[in-house]
Amino acid sequence: MKNIKAVLTLSMVLLMTTICSAQINFKTIQKDFYKLSGYWQGSLTYLDYSSGKPYTMPADIEIKRMGKSNKFILSNIYPNEKSANSIDTLSISTDGKYIDNEMIQSRRKLHSGDIEIITEAQGKDGNDNKPATFRHTYILGKTIFKKKKEVQFEGEKEWIKRHEYSYTRKLAD
């Protein structure tokens, strides 16, 4: 009986620690993204649907926080394809559990000190508009910012990498 009580007590402590840890991590999501403000240079690698092979091109981004909100303006700049330049908005929910409409699945600190955030959402993708799960993986650091999009079609086990943005920022000397 004492063993069962000890196991239950330990289980409750571990559960509460995990819940508290998750809440702390979600609250830090906003701070993680605040640090991205500025100009980044890099590339976009995407899956060329016609050849089925990856294609890489230069891609830069300027990130600005909208006032004191949880929203960011992302100005996508393609040096070799100016007509593709665009502006997006990224929003972090006030509870820190969503990036845009995608639920945050995990946040962890990597050995490098960078932060990895993974989100998922349901939707439709491909030429057949098939049901799928979308997964975005963000890597955030002082000099690195990556965003990878993967797709897993319903009933499949493999993830397909749709595209990956990879940016670097030079710190002032």
Residue 93: at pLDDT 95 or above and not hydrophobic (A, V, I, L, M, F, W, C), yes or no?
no
Residue 91 being in a strand (DSSP E or B) and either under 25 Å from residue 50 (Cβ atoms) or free of Cβ contacts under 8 Å to residues at least 24 places away in the same chain (or both)
yes
Of residues in segment 27-44 being modelled with pLDDT of 95 or more and touching a Phe, Trp or Tyr at 6+ places or on another chain (Cβ under 7 Å), the one surrounded by the fewest Cβ atoms within 10 Å (Cβ to Cβ)
41
Among the residues of segment 145-173, which ones are of a type in the set (Lys, Arg) and assigned to a loop (DSSP other than H, G, I, E, B)?
157, 169, 170
Contact list, first residue from segment 94-111 and within 11 Å of residue 30 (Cβ to Cβ), second anywhere and of a type in the set (Gly, Ala, Ser), beta-carbon distance below 8 Å, six or more apart or interchain, is 99/91; 99/93
Residue count, segment 127-144, condition touching a Lys or Arg at 6+ places or on another chain (Cβ under 9 Å) and either in a loop (DSSP other than H, G, I, E, B) or small (Gly, Ala, Ser) (or both), comes to 4
Checking residue 86 against (1) within 21 Å of residue 55 (Cβ to Cβ); (2) modelled with pLDDT under 95; (3) surrounded by fewer than 17 Cβ atoms within 10 Å (Cβ to Cβ), which test does it fail?
(2)
Scan segment 117-173 residue by residue and report those that are surrounded by fewer than 13 Cβ atoms within 10 Å (Cβ to Cβ), within 23 Å of residue 61 (Cβ to Cβ) and of a type in the set (S, T, N, Q).
143
Residue 24 vs. criteria at pLDDT 60 or above, hydrophobic (A, V, I, L, M, F, W, C) and either assigned to a helix (DSSP H, G or I) or touching a Gly at 6+ places or on another chain (Cβ under 8 Å) (or both)
no
Members of segment 139-152 that are closer than 14 Å to residue 121 by Cβ and of a type in the set (A, V, I, L, M, F, W, C)
151
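The values are calculated or read from the model by the stated rules, or taken from the named source; none is laboratory data. If you're wondering where the values come from, they're calculated on a predicted model, not measured in any experiment. Quick reminder, even Gly has a Cβ in these numbers, built from the backbone with ideal geometry, and neighbours come from all protein chains shown.
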